[in-house]
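Comments concern the structure below.
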Amino acid sequence: MNTGIQAPPGIWWKPAHRSEKVWVGIAFAWCMVLFAMMPLWHLKGEQNPAGLRYKVDPQRYMERTQEFITAYQVGEDNGIPVVAPPPGSEVYLVGMMWRWTPVLKLQKGATYRLHLSSMDVNHGFSLYPINANFQVVPGYDYGLKVTPTETGDLRIVCNEFCGIGHHMMVGRVIVEDSAAAPAVPAAPANGGAE
């Protein structure tokens with residue numbers, strides 16, 4: 001039995017073989033390359049969303065979402081309102097056990113400010129099949145500038161386990177050509193913001 005003071009038996013103090021030194025050197029050099037690339041990926045990689053996150057009262061956020069739905073609703077999909085906001089508007093989406101509301105009908109090539117928040121627990125926003133993933137946290141509003149580039153019927157999947165109905169929490173974003181989009185009423189004077 002050895003103590004911490006006595007050296008263990010073996011040859012651990014002998015120099016490493018040349019091939020071991022080469023592989024340790026290669027691994028260290030690769031780590032340094034990846035470490036140096038992190039600032040470059042952050043600044044030039046275009047994978048980091050340029051959004052704003054700020055605290056919000058969940059009830060006030062839900063009121064803004066309801067105002068948004070009232071202003072731009074064009075139909076329903078299985079009891080969930082479908083909204084078609086005009087280009088350039090503030091778009092509100094809320095996650096709650098176990099649904100996303102409303103269904104968004106956006107125009108291809110138009111720019112919107114998408115606001116995401118949760119009313120109850122953490123949810124994950126994953127826009128399928130596009131690789132867009134965000135953490136949706138109660139009490140926070142995440143504002144993200146979006147410009148749809150392709151038409152289609154996209155799904156919003158919750159990728160953060162949120163309870164027993166988590167597997168059914170699927171929302172929709174419908175992107176249409178601007179010529180196919182229906183006429184919608186004008187935006188409220190304040191854009192629905194506080």
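What to note about this one:
- Spin-label model distance (nm) - ASP77 vs TYR54, 7 Å beyond Cα toward Cβ: 3.0
- Using C-alpha pairs below 8 Å separated by at least 6 residues, the relative contact order for segment 52-176 is 27 percent.
- Packing rank of 148-157, 133-142, where each peptide gets the mean count of other beta carbons within 10 Å, highest leading: 133-142, 148-157
- Positive-end residue, segment 52-176 charge dipole about Cα centroid, Cβ charges, pick of THR101, PRO138, TYR112: TYR112
- Antiparallel %, DSSP beta bridges [both residues in segment 24-160], to 5: 75
- Taking other C-beta atoms within 10 angstrom as a stand-in for reagent exposure, SER178, SER118 fall in the order SER178, SER118, fewest first.
- Segment TRP41-GLU67, extension gain: residue separation times 0.36 nm, minus the distance between their alpha carbons: 5.5 nm
- The ranking of VAL91, VAL74, VAL22 by Cβ neighbour count inside 10 Å, starting from the fewest, reads VAL22, VAL74, VAL91.
Read-outs: derived from the displayed coordinates by stated rules, not from any lab. Just so it is clear, the structure is predicted and the values come from calculations on it, not from any experiment. With ideal geometry, Cβ positions are generated from the backbone for all residues, glycine too; neighbour counts draw on all protein chains shown.
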